[in-house]
Amino acid sequence: MYPVYEQIITRLQAENVHFTLHEHQASFTVADAEAYLSFPLGRLIKTIAFKHKNGQVILAGVLSTTRIDYRRLAEACQTQRALISSLSPQEVQQILKVEPGCVGPLTPLPAGSRVLFDTHSNLETSLFFGCGRPDRTLEMQPADLFRLSQACLADLVKNEGF
């Protein structure tokens, strides 16, 4: 039913990575997370999927309480802002094989894709993030998450309180 979720969990187990799996009511948005989830939003990573005009998929992970600055995202990708757009809900399902709202930084990606995390992500303690199904959230140490996702750090958010 959730093959991407199964792939992620299998990978974590095979690589002997410590993680905690949280079961909860289905959550697709930050508003859902605030209403239904018990963990702090300041440690919840929302992952937004983008595409470059050349076909490259880009996942941007930011704290759930922040908003992505598309200009900064483009700079981090060393490209022009006009060449990057969000994946549509249909593209999320077709390309990433998950429902919109279920993308996470460990979602299996096509070759040549990139994962970026905002530099303001809380790197001191465990982070919570999506894993391919709406009623599960993974918790993991940032070092393991960054290593497994092969992410780069970049300034990605609008300057709202930072």
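Summary of values
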read-out: Per-residue HN-Hα couplings for region 52-69 [Karplus 6.51, -1.76, 1.60; θ = phi - 60°; Hz; x = Gly/Pro]; value: 8, 4, 7, x, 5, 8, 10, 9, 10, x, 9, 4, 4, 8, 10, 10, 6, 9
read-out: Whole-Å semi-axes of region 1-116's equivalent ellipsoid (Cα gyration tensor); value: 24, 18, 14
read-out: Rg [Å, one decimal], Dmax [Å, integer] - region 56-162, C-alpha atoms; value: 13.4, 36
read-out: Whole-number D in µm² s⁻¹ for region 55-115, Kirkwood Cα-pair radius fed into Stokes-Einstein, 10 °C, 1.306 mPa s; value: 128
read-out: R0 of 25 Å, Cβ-Cβ distance LYS97-LYS158: FRET efficiency to nearest 0.05; value: 0.25
read-out: Residues MET140, MET1, sorted so that the one with the fewest Cβ neighbours within 10 Å comes first; value: MET1, MET140
read-out: Where labels lie 7 Å past Cα in the beta-carbon direction, separation of ASP32 and MET1 in nm; value: 1.4
read-out: Bins of 10 Å from zero: percent of alpha-carbon pairs in region 1-67; value: 16, 36, 40, 8
read-out: Within the chain, longest stretch clear of exposed trypsin sites (Lys or Arg not before Pro) (DSSP loop, no more than 13 other Cβ within 10 Å); value: 68-162
read-out: Counting DSSP beta bridges with both ends in region 13-162, the antiparallel % (nearest 5); value: 70
read-out: Where GluC sites (Glu not before Pro) fall in DSSP loop in region 1-67, at most 12 other Cβ within 10 Å; value: GLU15
read-out: GluC sites (Glu not before Pro) within region 90-162, DSSP loop, no more than 10 other Cβ atoms inside 10 Å; value: GLU124, GLU160
read-out: Compactness of region 93-142 as Cα Rg over 2.2 N^0.38 Å, two decimals; value: 1.23
read-out: Reachable aspartates and glutamates from LYS51, criterion Cα separation under 12 angstrom, eight or more residues apart if same chain; value: GLU91
read-out: Whole-Å distance, taken between Cα centres, linking region 128-160 and region 104-122; value: 7
read-out: Expected 222 nm ellipticity per residue - DSSP helices of 4 or more, -39500 (n - 2.57), all of the chain, to 500; value: -6000 deg cm²/dmol
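Rule-based calculations on the coordinates, nothing more; no lab input. In this text the structure is predicted, and so the values were computed from the model without any measurement. Ideal geometry is used to build each Cβ from the backbone, glycine not excepted, and the neighbour counts take in all protein chains shown.
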